[in-house]
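Input: a single structure, listed below in structure tokens.
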Amino acid sequence: MTESGAATASIYASTETGAPGLAHRMGTGVLPYQAIMAMIRAREVAAAPEIEPAQIQPASMDLRLGHHAYRVRASFLPGPDATVMDKVKEMGGYPLDLAEGAVLERGCVYVVPLLESVRLSGGVMGFANPKSSTGRLDVLTRLITDHGTAFDQIERSYEGPLYIEVAPQTFSIVARQGSRLNQLRFQRGNPIIAASELHRLYEEGQLLRSAVARHQIRDNLVPVTIDLKGTGPGSVIGYRAKKHTDKIDIDLVGAYDPHDYWEPITYHREAALILDPDEFYILATAEEVGVPSDLAAEMVPYYTRSGEYRVHYAGFFDPGFGWNGRASGSRAVLEVRSHEVPFMLEHGQTVAWMRYERMAGQPDRVYGAGIRSNYQNQGLALAKHFRPFGG
């Protein structure tokens, strides 16, 4: 048995991280690492090939692309009376073999059956997001289920296959069977924490650390602002994607020269940036963001109170992100697109909102250097596929 095979087998054989049924004995909230492991051992989450240990995060799991992608004319939801493949056939979708890798072209829509399937019970629901690296490449991904009426959501008691819609917006990508573009988390009940507790954590600096004045929490959402000054005049405050670039292999790390794909944006006299609707930007929050180990967080991708633009595709933050007893050292990187019209951002403007959620139990592992998390202690950063500028 290979080392990888031995590690995979240990997910199903080991009982050290909890017995099957643990997920159903936990209370309300987002299910932690050990509960996800228990669901896998109980075959409530199953796959062929078997699920790999590296797929499991503190409060989420990576999902893998299956054997084929189907190019379709448009995005869709199957609705209550159809399966995903019913709709793919109805729309004339044709397959691309992903066994050795295939190019998914920008501006096109693909539907890919995933290797994983689920059998949910006990009031557990599923919610999905693109992985951080996927969002930073401007690849829109959305989970779909048979008979589904909403993206990125698995209803209670759903039993069946999972699919992902993949729509590269800026760069064409190379993907293959086993590539991981999105992540799934499970929860029971309403995990939102009480307003009084949220305000206490906010005032203690456990959620944000900022040198500027604090903004008001609204609707149980914590606001974050945009940094358009960096470290001063001449410093890089963001990146604008170039057009007509070469494709990017989604599974390669540190393989690409960023100069071929990105144009740095620097701060000069005015701490403002006009977003062009045809452009994609990587920017960062002014605040350092933290997620205590007993919480998870999600960034609301589009909130009408802040303007006609989207600031995040990959909006889920595992427990422990940027946290060391308080918010410490990690800013949230923003994947920004304007909607239809040019929109001006100014330094310190509220651009996004964080929704903090209660964990159903303390996770056995947290996000950070200990599990080789890619974006702990990050500042403004491109996806892991690129070498550092000047490198």
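The values are calculated or read from the model by the stated rules, or taken from the named source; none is laboratory data. This one's a predicted model, so the numbers in the text were calculated from it and none came from an experiment. Positions of Cβ are generated from backbone atoms using ideal geometry, with glycine treated the same way; all protein chains shown enter the neighbour counts.
Of the residues that make up segment 224-244, is at least one part of a loop (DSSP other than H, G, I, E, B), in contact with a helix residue (DSSP H, G or I) (Cβ under 9 Å, 6 or more places away or on another chain) and surrounded by 13 or more Cβ atoms within 10 Å (Cβ to Cβ)? For segment 224-244, residues part of a loop (DSSP other than H, G, I, E, B), in contact with a helix residue (DSSP H, G or I) (Cβ under 9 Å, 6 or more places away or on another chain) and surrounded by 13 or more Cβ atoms within 10 Å (Cβ to Cβ): present.
Among the criteria (1) surrounded by fewer than 22 Cβ atoms within 10 Å (Cβ to Cβ); (2) of a type outside the set (Val, Ile, Thr); (3) assigned to a loop (DSSP other than H, G, I, E, B), the one residue 137 does not fulfil is (1). Look at segment 37-60: where a residue is more than 13 Å from residue 365 (Cβ to Cβ) and a partner is in a loop (DSSP other than H, G, I, E, B), sitting 6+ places away or on another chain with Cβ atoms under 6 Å, you get 38/18; 38/20; 40/51; 41/20; 42/20. Scan segment 142-156 and give yes if some residue there is of a type in the set (Lys, Arg), in the same structural domain as residue 124 (by TED's automatic domain parsing) and surrounded by 15 or more Cβ atoms within 10 Å (Cβ to Cβ), otherwise no. Checked segment 142-156: at least one residue is of a type in the set (Lys, Arg), in the same structural domain as residue 124 (by TED's automatic domain parsing) and surrounded by 15 or more Cβ atoms within 10 Å (Cβ to Cβ). The set of residues in segment 332-378 being at pLDDT below 90 and surrounded by fewer than 14 Cβ atoms within 10 Å (Cβ to Cβ) consists of 339, 340, 341, 369, 370, 372, 374. The single condition among (1) surrounded by fewer than 18 Cβ atoms within 10 Å (Cβ to Cβ); (2) at negative phi that residue 130 does not satisfy is (1). All conditions in (1) surrounded by 16 or more Cβ atoms within 10 Å (Cβ to Cβ); (2) without any contact (Cβ under 8 Å) to a residue 60 or more places away in the chain; (3) not acidic (Asp, Glu) hold for residue 261, with the sole exception of (2). When the residues of segment 205-246 are filtered to those that are farther than 17 Å from residue 353 by Cα and basic (Lys, Arg), the one that is modelled with the lowest pLDDT is 243. Just one of the listed residues (101, 126, 107) is within 24 Å of the chain's Cα centre (by Cα) and within 18 Å of residue 149 (Cα to Cα), namely 126.
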